[in-house]
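Worksheet: one structure, shown below.
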Amino acid sequence: MTILLEMKEIHKVYPNGTAANRGIDLTVREGEIHALVGENGAGKSTLMKILFGLEAPTSGTIAYRGSPLKLQGPRDAIRQGMGMVHQHFMLAPSLTVAENIVLGDELRRGPLSMFRDQLKEQDEIRKLIETYGLKVDPLEKVEHIPVGQKQRVEILKVLYRGAKLIILDEPTAVLTPQETDELFHSIKALIGQGHTIIFITHKLREVMEISDRVTVLRAGKTIATLETKNTNQEEISRLMVGRDVLFSVEKRPAEPKDTVLSVRRLNAVNEKGAPVLRDVSLEIRQGEILGIAGVEGNGQTELVEVLTGLHPASSGEALYFGENLIGKSVAEIRAMKVGHVPEDRQTSGACLTSSIAENLILDHYRNPEFTWGPFIHKKKMKEFAKVMMQLFDVRAASEEAMAGSLSGGNLQKVVIARELSKNPKLLIASQPTRGVDIGAIEFIHREIVKRRDGGAAVLLVSAELSEVMSLSDRIAVIYNGEIVAVLDNDESLTEQEIGYYMLGVKKQQKEVAAP
Ligand SMILES: Nc1ncnc2c1ncn2[C@@H]1O[C@H](COP(=O)(O)OP(=O)(O)OP(=O)(O)O)[C@@H](O)[C@H]1O
Ligand SMILES: [Mg+2]
């Protein structure tokens with residue numbers, strides 16, 4: 001097989017002193033799917049930014065199609081036939097899908113851009129959509145399409161520019177299992193048309209399923225490159241983390257006590273007025289984890305938003321120790337010791353232009369522990385941040401580093417650390433381990449169980465059915481805005497059984513769900 005890309009001895013030290021790459025070698029063959037794995041902060045995104053011309057390496061060489069590659073910026077990389085879909089999307093929400101795809105493509109438009117042929121552009125876009133099975137409506141505004149489709153737009157954008165080598169940075173982190181399957185189909189179609197893919201993921205079963213080879217990074221260095229068919233998840237995780245990782249959660253049976261949250265006949269509509277929650281009733285008690293299972297887009301996001309004050313309810317109540325949360329503001333609810341790990345940490349979980357320390361106390365800065373008259377006690381704040389960073393294994397230059405400079409998974413750890421450090425009586429965790437490496441998943445799971453054992457009530461929402469099943473004591477299945485079953489999570493419960501409810505094939509009698 002021809003070697004397409006060879007990166008050798010890549011080093012990258014960021015201006016703040018962080019050594020993100022400390023001698024990385026990566027060889028990619030033409031036409032392969034090459035998985036790139038490693039813990040949060042291992043240097044994966046940095047390496048790809050270097051390849052795509054977004055960051056300059058401190059030292060090291062890159063050869064592409066047999067010649068040395070020197071990039072001034074991403075435009076050079078695009079000209080060489082590379083494309084990158086970032087971990088965090090970069091689309092213009094108020095433009096249409098088609099407009100986003102062609103946006104900034106000066107390469108093709110030339111000086112006559114005023115007269116560009118929009119019909120031809122749309123035709124080309126439609127062809128790409130069909131060839132690669134990347135289903136989206138070119139005329140829809142990007143702000144109105146779900147995440148999975150936004151990602152397709154990013155991929156189309158890259159293809160529209162003629163990319164042959166495509167870098168996908170954690171493409172499945174935001175996808176439902178169904179969307180992941182569809183993406184994999186598209187990836188296979190791309191390979192069939194002669195493209196080459198570099199694929200970053202934390203999900204080792206995806207590595208096993210789709211890649212030809214896998215390169216493991218640890219702490220900025222290449223540990224190994226393996227043929228996927230000659231390895232397994234255990235070996236890869238050991239190479240990544242440097243120890244064996246437990247894939248199951250150790251926990252005792254729950255000992256639930258008083259009711260913490262009692263949701264009764266909750267209804268809500270979306271911005272178009274369509275019902276998204278229909279008569280939802282639930283109970284969560286101290287010392288138990290209630291997991292919500294469901295295909296994404298069936299109301300779980302809205303349920304969490306209503307309970308945390310981010311979305312209005314049209315009727316019903318949510319009694320938290322007897323007090324109705326409905327009608328209260330986000331700040332009021334947070335002050336009531338309700339912890340919330342939001343689904344989208346980039347926009348609602350963290351302030352990217354503040355330091356890690358500031359983010360860690362974002363919510364309790366009024367706490368006398370951190371104040372000194374009207375001022376924030378900087379020293380105490382920093383001490384607290386140091387402890388939390390160590391406890392939660394947040395890898396960054398220091399507690400003063402900007403949250404925006406953190407790797408994706410480390411930012412998630414900051415949000416989790418902040419929410420758990422409040423000692424919430426009710427913890428609402430949405431996709432708590434999205435984008436987090438396997439070692440950290442193990443840790444976060446253990447922490448959630450610890451809160452439960454300490455008497456907190458936990459509401460867990462996750463697109464990963466395996467996560468819901470391994471953590472929850474009871475599982476409520478949501479379908480089309482309705483709780484269609486509440487099941488005890490004992491040995492006899494199977495994924496298949498839950499699947500029937502998730503797809504609306506089966507439904508429990510109402511009395512079971514509503515007290
Ligand atoms: N712009 C930046 N300035 C300073 N440090 C940075 C910057 N970008 C990344 N880093 C640091 O470089 C290290 C590697 O980050 P990188 O984003 O490459 O990790 P990653 O392997 O992609 O992790 P994840 O799986 O969490 O996405 C981290 O310690 C991160 O905090
Ligand atoms: Mg990354």
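Coordinate-derived values only; no laboratory data. Only a predicted model underlies this, so the values are computations on that prediction, with no experimental measurement involved. Using ideal geometry, Cβ is built from the backbone for each residue, glycine included, and neighbour counts are taken over all protein chains shown.
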Ratio of Rg to Rh over the chain (Cα coordinates, Kirkwood Rh, two decimals)
0.97
Relative contact order of the chain, defined on C-alpha pairs under 8 angstrom at six or more residues apart (%)
16 percent
Asserting the computed 222 nm helical MRE of the chain (DSSP H runs at least 4 long, -39500 (n - 2.57) per run, divided by residue count, to nearest 500) equals -9500 deg cm²/dmol
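Rounded to the nearest 0.05, what FRET efficiency do ARG29 and PHE89 have when you use their Cβ-Cβ distance and R0 = 30 Å? Could the numbers behind the result be given before it?
On the way: r = 28 Å, r/R0 = 0.94.
Working from the Cβ atoms, E equals 0.60.
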If I model a spin label at GLN496 and ASN232 as a point 7 Å from the Cα along the Cα→Cβ vector, what separation in nanometres do I get?
2.4 nm
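Order these by the 10 Å Cβ neighbour count, fewest first: ASP76, ASP279, ASP490. Provide the component values of the computation, followed by the final result.
On the way: ASP76 14, ASP279 17, ASP490 9.
Ascending Cβ contact count within 10 Å gives the list ASP490, ASP76, ASP279.
Rounded to the nearest 0.05, what FRET efficiency do THR259 and LYS188 have when you use their Cβ-Cβ distance and R0 = 56 Å?
On the way: r = 49 Å, r/R0 = 0.87.
FRET efficiency, THR259 to LYS188: 0.70.
Only bridges whose two residues both fall in region 3-241 count here: according to DSSP, what percent of them are antiparallel, nearest 5? Write out the running numbers ahead of the final one.
Details: 22 of 40 bridges.
Percent antiparallel among DSSP bridges in region 3-241 is about 55.
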Sort THR301, THR222 so the one with the fewest other Cβ atoms within 10 Å of its own Cβ comes first.
THR301, THR222
Need the full-extension length gain, SER466 to LEU352, defined as separation in residues times 0.36 nm minus the C-alpha distance. One decimal, nm.
38.0 nm
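Based on other C-beta atoms within 10 Å, arrange ASP393, ASP453, ASP169, ASP488 from fewest to most.
On the way: ASP393 17, ASP453 13, ASP169 21, ASP488 10.
Ranked by crowding around the Cβ, least crowded first: ASP488, ASP453, ASP393, ASP169.
Which longest uninterrupted range of the chain lacks any chymotrypsin sites (Phe, Trp or Tyr not before Pro) assigned by DSSP to a loop state (not H, G, I, E or B) and surrounded by at most 16 other Cβ atoms within 10 Å? Intermediate values should be presented prior to the final figure.
Values: sites that count: PHE89, PHE247, PHE321, TYR365.
The longest such stretch corresponds to 90-246.
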Percent antiparallel among DSSP beta bridges with both residues in the chain, to the nearest 5?
55 percent
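State, as an integer percentage, the relative contact order of region 185-325 based on alpha-carbon contacts under 8 Å between residues 6 or more apart. Show your work: numbers first, answer last.
Values: 177 pairs, mean separation 24.6, N = 141.
Answer for region 185-325 is 17 percent.
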Nearest-ten-degree value, helix 177-192 long axis tilted from longest Cα axis of the chain:
10 degrees
With angles folded into 0 to 90 degrees, how steeply does helix 147-160 sit against the dominant principal axis of the chain? Use alpha carbons for both and round to 10.
0 degrees
So which lysines can LYS382 reach, going by Cα to Cα under 26 Å and dropping same-chain residues fewer than 8 places off?
LYS337, LYS413, LYS422, LYS425, LYS450
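Report the gain in length on full extension from LEU503 to LYS135: 0.36 nm times residue separation, minus Cα-Cα distance, nm rounded to one decimal.
Values: separation 368, 0.36 × 368 = 132.48 nm, distance 2.12 nm.
Extra length from LEU503 to LYS135 when fully extended: 130.4 nm.
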In whole angstrom, note down how far apart the Cα centers of region 381-406 and region 461-509 are.
36 Å
Angle in degrees between helix 378-391 and the longest Cα principal axis of the chain, rounded to the nearest 10:
80 degrees
